[in-house]
Structures are given as structure tokens and as C-alpha cells.
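Contents: one structure, followed by commentary.
The values are calculated or read from the model by the stated rules, or taken from the named source; none is laboratory data. Worth saying up front: this structure is predicted, and the values here are computed from it rather than measured. Here the Cβ is made from the backbone with ideal geometry for all residues, glycine too, and neighbour counts use every protein chain on show. These area figures cover heavy atoms from the full protein model, side chains too; ligands, DNA and RNA do not enter into them. Shrake-Rupley method; radii C 1.70, N 1.55, O 1.52, S 1.80 Å.
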Amino acid sequence: MSKEAAARLLCAAGLPAIARRQRQGQLAILMYHGVEPTALTPPCWHVLGAAAFRRQLEYVRRVYRVLPLREALERLDAGTLPDRAATLTFDDGTRNLATQAAPILRSLGLPAAIFLATGPMGTSETLWPDRLWLAFARTERTAVDLTALGLGPHPLTSAAQRGDAFATAVDRLKALPDEQRIDRTEWLIDILGQQADTDPGPFKMLSWPQAHALLADGQVTLHPHTVTHPILARCPDEKVQREIADSCEALERETGSAPMIFAYPNGRVQDFDERAKHALRRRGVRWALSTVEDFADRESDPLALPRIGIGSDLSFARFRLLASGALS
Ligand SMILES: [Zn+2]
């Protein structure tokens, strides 16, 4: 039986509802990134098509009590979460959150928290992993030799091959020391061609006026997610401090209050460390979100809260299982 057929069978048997009941007192912090009219080609895990996104949120609204992030975290700490508590987060701050995600959130009356990488806001620049995706999507090359990254040659004739090569390269780059990562990213974009930098397409970032317009709606809150989206654990001390301090300052300047909640770029256990937590504490940040996949409970480290990452490769049946805690 295929994974998809099994997932459908488990949903039909009522597993999501059973799994949710077993998670009383726990919080599902769902993590999204961008939303486009349709999913991207080549495939890009963190950008969802609008129809799939709407279907997921309609489901979440029906089966969960969706709370604003800050309230959810306060009630998690206080032990006063309602049953079936969930909250919605969006990382990075691409413009399509205003054009695609916000209208759907508004129509469903759902609150959401957006974590902004503040550096490229309002420019035609975008974050480095997304720049790399653009380079792989738009290159005229039919193959690329990634031996310099320890990965060997990769064909680029089909969209699937381009998606695979991108995912493999970006994973490898995330493991490198920060300066080397910057260097190798530039090298790779250079050999793929400069098409990545002509137009950011689906990765155009919000400007501050657009972010303010979202705030004015009252359904969205804004939070820091560093300036340039480096992998903090791979950065020198000074850069860890600066990325956190500068993004917190930008949020304070623009929203009028010091940020209390942060999200780590990439966010796996190996992507942030005590230096980052220390810098966050110094800024008065109370909660920080990782991408470690789990439900949050009162035992969770407030500066390393787990989330449930939603990717474009997830079918609706598998989404229901994942968001209900039946897959973890
Ligand atoms: Zn991010």
C-alpha cells in the first residue's frame, strides 16, 4: 500500500481526532513560509499553492482552537491552554503573505504571526536559500558539477532534477561555516548564471509599509527572524549578536514595542546554540521557535519551542495526520 493510501485509510478511521485527544494541554505551532497562486516548479518545500493552503486552514479552523501566538505561549506557560490549541506562524516575510495568505486568513478569521528577516525588506533582494532556488530554476545549464561542495555532478534537464539539485546543494551549504557558506553560495550562483538576481519572483520580500498594512488589519503580529537569515550556530559570536540585536531593533522601531518572540533561521537543533539564546535573553525575548518537529508542552524549553513544519509535498491526508500529532 502506498504512503498516501495508508494516510487516507488512517484518516477515514478517525486517527486525527484520536491523536488530538491524546495531546491535551499541548500546543500545535504550525509553521508556514510563502503562499503562491500555485505550488512552484521546480518543487520548493516551503512555498504552498493557495488552494492547498486554504484547504488546510479551513480544516485547522474546524478542528482546532486557533489562538494568536503570544496568547497561546502565555497560556502554555500558565497551563491554561484550551483543548485542541493551535497557532499559526509564517517565517521569512515574503510579499506573497500580503497578497495570497492574508486574504485567506482574513476570510477565515484566523490570527497569524509573521517572522521577518529584516535585511532585504522593501528591496529586490531576497534570502540566500531562495536566491539559490531562483538560480537553479532559471539557469540555462543542463548540468552542474557540485564536486566543490563534495556532491558531484547533477543533471538539470527536468524540473524534478533541478529541485533535487537545489535541495541537495542548499542542505550542504547550511552545514558550512558562515563565511564559507556565503562564499560557496556566490560561487554557485555565479556558475548557474545571474538570472537569480534579475527578479525575486515568488521570493520578493514585504516592505515595511506592506508589513504595517498587515498589522493594521489586526490579525497579524510581526516578530524578528534575524537580518540575513544565516545559520546562527555556524556564525562567529559577533555576527550572532548582531543578527539578533539588529532584527530585534528593527521590529521595535517599526512596531513600537520590544519583541518577545523570535524564530531561528532553519531552526533545527544543530542550527542554534546557547550564544543565540543568551543574545535573545539580553534583548528581553521570552520565547523562541525552532523547527524541531513536535507539539509544544509545559516541559518545552521556551527558547527552543518545537513546531510542525508544513511543506508543499504534503498531501491533505498526511497534513491531517501531521497536524494532529498522529505522525510524530
Ligand atoms: Zn526562515
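Data overview
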| read-out | value |
| --- | --- |
| Calculated from backbone phi, Karplus (6.51, -1.76, 1.60) coupling profile of the stretch 111-121 in Hz, x at Gly/Pro | x, 8, 10, 10, 9, 9, 7, 7, x, x, 4 |
| Prolate/oblate/rounded label for the stretch 1-84 (Cα gyration tensor, a/c 1.5) | oblate |
| Under Karplus coefficients 6.51, -1.76 and 1.60, residue-wise ³J(HN,Hα) of the stretch 238-246 in Hz, glycine/proline x | 4, 6, 4, 4, 5, 4, 6, 4, 5 |
| Loop-exposed GluC sites (Glu not before Pro) per DSSP, neighbour cap 16 Cβ within 10 angstrom, longest uninterrupted part of the chain | 141-298 |
| Additional length obtainable on full extension of the chain from GLU254 to GLU299, 0.36 nm per residue less Cα span | 12.9 nm |
| Whether the stretch 193-237 is rounded, prolate or oblate, judged on the alpha carbon gyration tensor where a/c under 1.5 counts as rounded | oblate |
| For the chain: accessible area per residue (Å², 1.4 Å) | 42 |
| Spatially proximal aspartates and glutamates relative to LYS204 (Cα-Cα < 18 Å; intrachain offsets below 8 disregarded) | GLU36, ASP91, ASP92, GLU125, ASP130 |
| Whole-percent carbon and sulfur share, accessible surface of the stretch 1-158, 1.4 Å | 51 |
| Charge dipole (debye, nearest 20) of the stretch 195-259; +1 at Cβ of Lys and Arg, -1 at Cβ of Asp and Glu | 100 |
| Contour minus Cα-Cα distance for GLN194 and ARG282 (0.36 nm per residue) | 27.7 nm |
| Distant-in-sequence amide H partners of TYR264 (H built 1.01 Å from N, under 5 Å) | LEU289 |
| Using θ = phi - 60° and Karplus 6.51 cos²θ - 1.76 cosθ + 1.60, couplings along the stretch 208-218 (whole Hz; Gly, Pro as x) | 4, x, 5, 5, 5, 4, 5, 4, 4, 4, x |
| Given charges at beta-carbon only (K, R positive; D, E negative), |dipole| of the stretch 112-269 in Debye | 400 |
| CD proxy at 222 nm, helix term only [per DSSP H run n ≥ 4: -39500 (n - 2.57); per residue of the chain; nearest 500] | -12500 deg cm²/dmol |
| Under 18 Å from LYS239, Cα to Cα: lysines that are on another chain or at least 8 residues apart | LYS174, LYS277 |
| The chain - Kirkwood radius from inverse mean 1/r over Cα pairs (Å) | 20.4 |
| Projected area, mean over directions - the stretch 238-328, Cα convex hull, nm² | 7.2 |
